[in-house]
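Enquirer: This is the structure I want to talk about, given as structure tokens.
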Amino acid sequence: MMKSGLIMDSGLRGNGASGVAEASKVYEALRRVRPGTKGDLKNYVKVFLGLDIPGKRICSGHQSPMDYLWHSFGSDFASRRRANADMVVWANRGGGKTETGAVATLLDCVFKPGCQVRILAGSEEQAGRMYQYLAGFLHGGFEGFLAGPVRKDRCGFSNGSGVEVLTQSAKSVRGQHIQKLRCDEVELFSEDVFAAAKFTTQSTESIVAGIETISTMHRPYGLMQQIVSSAGQSETPVFKWCVWETVERCVGRNCSQCPLWGDCGGKAKRGNGYLKIDDCISQMRRASRAGWEAEMLCRKPNLENAVFDEFDPAVHVKVVDYDGNLPLYRSLDFGFVNPFVCLWVQVDGDGGVRVIDEYVRRRATIDVHAEEVKARTPGGEGRVTATFCDPAGAGANDVTGTSTVRELRSLGIRTRYRRSGILEGVEHIRRAIRSGDGESRLIISPRCERLVEAMRCYHYPDGPSGQRSGELPAKDGVYDHPIDALRYFFVNYQRGGKSGSRRY
């Protein structure tokens with residue numbers, strides 16, 4: 001397959017103008033040869049686009065930008081063809097996401113006849129950046145592939161392929177029937193636009209449809225976090241890289257005196273990227289630690305607006321099972337369209353709170369929930385010390401004339417409740433996560449996936465500039481319900497000596 005050395009060797013044949021002309025013909029012929037391996041692709045991009053895409057995996061669990069490009073390019077060819085070409089790119093700021101996406105777009109259009117690609121970004125400016133990269137590539141020697149001029153927001157290829165920039169609106173997205181959609185900085189998308197975008201792609205006989213979602217993960221409760229969290233369920237590959245996969249190789253520096261050493265640990269010695277080390281040092285010094293970890297290390301999203309910013313799965317999520325020697329509690333948050341939530345909780349002799357299981361379900365009646373809750377309670381109803389619930393459940397329904405609390409009692413589940421403010425319950429949970437003396441007394445079983453996700457993502461509303469807005473956490477209908485169930489446990493348990501059953 002094509003190698004850069006082949007071009008150089010070809011240029012040596014013949015003498016004078018004829019040799020140059022022959023070399024030029026070979027060069028242009030090779031431009032039209034589809035790369036067949038990852039190495040060929042890397043060479044192709046380096047020779048014809050002047051880009052040396054980083055290809056080393058430095059951090060455990062990460063990939064390289066070249067891994068993404070090869071996966072994207074190869075998804076339509078016989079030996080690597082897949083059922084769908086969806087993928088997620090989670091990478092650092094300045095990590096080449098947008099430019100590499102433009103390379104993938106060029107390769108799709110040049111080597112996949114009839115491939116229609118659309119670029120959708122969190123802002124018109126961001127979408128324009130990827131298209132500007134593409135336009136630069138086209139004007140750098142790929143003019144012969146075009147079917148007309150490169151316009152401001154679209155271009156067409158002589159093989160029937162085409163690229164167009166879409167505006168950030170559901171109207172712009174709807175009605176599209178394309179093969180490839182590249183969503184750049186999806187963290188900035190509105191959810192209705194992304195929801196509409198999911199229905200835009202259609203495969204052809206030779207091209208597998210796919211949506212590529214590309215972004216840094218800024219917030220623990222943002223759209224990118226939701227996409228990454230659900231990727232495993234849909235078997236969508238996630239390509240993740242950080243500053244260490246994209247930094248230049250460190251040569252001649254004293255590691256012990258380098259400000260990056262605490263995070264680097266020598267990783268930059270193996271780097272083969274393009275980010276300047278001095279620039280990285282400057283960025284680290286002028287950023288918050290939370291911002292640096294989110295934007296450059298891709299360790300976790302920025303927690304500045306998270307309610308439980310000290311919650312750490314490595315500390316607070318552990319395997320914990322039912323212990324018949326400890327009291328067992330349940331805590332309920334009611335819902336129909338929003339989820340009904342039940343948590344099973346035990347408290348050990350040192351006051352440690354153990355959330356051992358969860359039940360979360362939408363659109364089921366209270367009798368269905370009651371049967372499931374009883375069936376999943378270890379040891380049966382006789383082992384339950386108390387069941388705490390949402391105080392709103394005591395209110396009579398305008399249609400049935402009864403209350404959820406009364407219905408549960410008729411089904412064999414007696415409940416207790418105490419009215420309290422949201423902030424009171426939040427403070428109880430915070431003290432359990434980490435008390436004033438630095439101790440933690442909260443453990444959550446990994447079985448409680450929805451609660452763990454809510455602990456990470458429960459957040460304050462974002463203001464116009466992305467900063468915290470208001471003192472009360474956001475009621476988003478997703479993360480607030482598992483937290484509400486946990487709040488009811490703490491509020492009632494902390495005052496357990498004064499709390500009693502209510503009869504209706």
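Enquirer: Which pairs have Cβ atoms under 6 Å, sit 6 or more apart or on different chains, and link a residue in segment 141-158 that is touching a residue at least 40 places away in the same chain (Cβ under 8 Å) and outside the structural domain of Lys25 (by TED's automatic domain parsing) to one that is among the aliphatic types (A, V, I, L, M) and in a loop (DSSP other than H, G, I, E, B)?
Expert: Phe157/Ala147
Enquirer: Taking Gln179, is it in contact with an Asp or Glu (Cβ under 9 Å, 6 or more places away or on another chain) and among the polar types (S, T, N, Q)?
Expert: yes
Enquirer: List every residue pair whose Cβ atoms lie under 6 Å apart, where the two residues are 6 or more positions apart in sequence or sit on different chains, the first residue falls within segment 410-427 and is assigned by TED's automatic domain parsing to the domain that holds Ala485, and the second residue, located anywhere, is surrounded by 16 or more Cβ atoms within 10 Å (Cβ to Cβ) and in a loop (DSSP other than H, G, I, E, B).
Expert: Between residues of segment 410-427 that are assigned by TED's automatic domain parsing to the domain that holds Ala485 and residues that are surrounded by 16 or more Cβ atoms within 10 Å (Cβ to Cβ) and in a loop (DSSP other than H, G, I, E, B), the close pairs are Arg416/Ser499; Arg418/Ser499.
Enquirer: Can you name every residue in segment 93-144 that is in contact with a Lys or Arg (Cβ under 9 Å, 6 or more places away or on another chain) and among the acidic types (Asp, Glu)?
Expert: Answer for segment 93-144, where residues must be in contact with a Lys or Arg (Cβ under 9 Å, 6 or more places away or on another chain) and among the acidic types (Asp, Glu): Glu99, Asp108.
Enquirer: Further question on the same structure: Need the failing condition index for Trp292 against (1) under 29 Å from Gly122 (Cβ atoms); (2) surrounded by fewer than 16 Cβ atoms within 10 Å (Cβ to Cβ); (3) aromatic (Phe, Trp, Tyr), just the number.
Expert: (2) is the only condition that Trp292 fails.
Enquirer: Restricting the search to segment 62-120, which residues are in contact (Cβ under 8 Å) with a residue 60 or more places away in the chain and of a type in the set (Asp, Glu)?
Expert: Passing the criteria: Asp67, Asp76, Asp86, Asp108.
Enquirer: For the condition more than 27 Å from Arg249 (Cα to Cα) and at pLDDT 95 or above, what is the one hit in Val110, Val103, Val20?
Expert: Residue meeting the stated conditions: Val110.
Enquirer: Another question, then. Could you tell me whether segment 324-331 includes any residue that is within 30 Å of Trp90 (Cβ to Cβ) and charged (D, E, K, R)?
Expert: Looking through segment 324-331, none of the residues is within 30 Å of Trp90 (Cβ to Cβ) and charged (D, E, K, R).
Enquirer: Any residue that is more than 18 Å from Arg487 (Cβ to Cβ), of a type in the set (Ser, Thr, Tyr) and in contact with a strand residue (DSSP E or B) (Cβ under 9 Å, 6 or more places away or on another chain) - is there at least one of those in segment 365-386?
Expert: Within segment 365-386, one or more residues are more than 18 Å from Arg487 (Cβ to Cβ), of a type in the set (Ser, Thr, Tyr) and in contact with a strand residue (DSSP E or B) (Cβ under 9 Å, 6 or more places away or on another chain).
Enquirer: For the structure I just gave you, tell me whether Ala102 is within 18 Å of Leu181 (Cβ to Cβ) and in the same structural domain as Ala231 (by TED's automatic domain parsing).
Expert: yes
Enquirer: Could you go through segment 68-77 and let me know if any residue there is assigned by TED's automatic domain parsing to the domain that holds Thr236, in a loop (DSSP other than H, G, I, E, B), touching a Ser or Thr at 6+ places or on another chain (Cβ under 6 Å) and of a type in the set (A, V, I, L, M, F, W, C).
Expert: no
The values are calculated or read from the model by the stated rules, or taken from the named source; none is laboratory data. All values derive from a computational prediction rather than experimental measurement. Cβ sites come from the backbone with ideal geometry, for glycine too, and all protein chains shown count toward neighbours.
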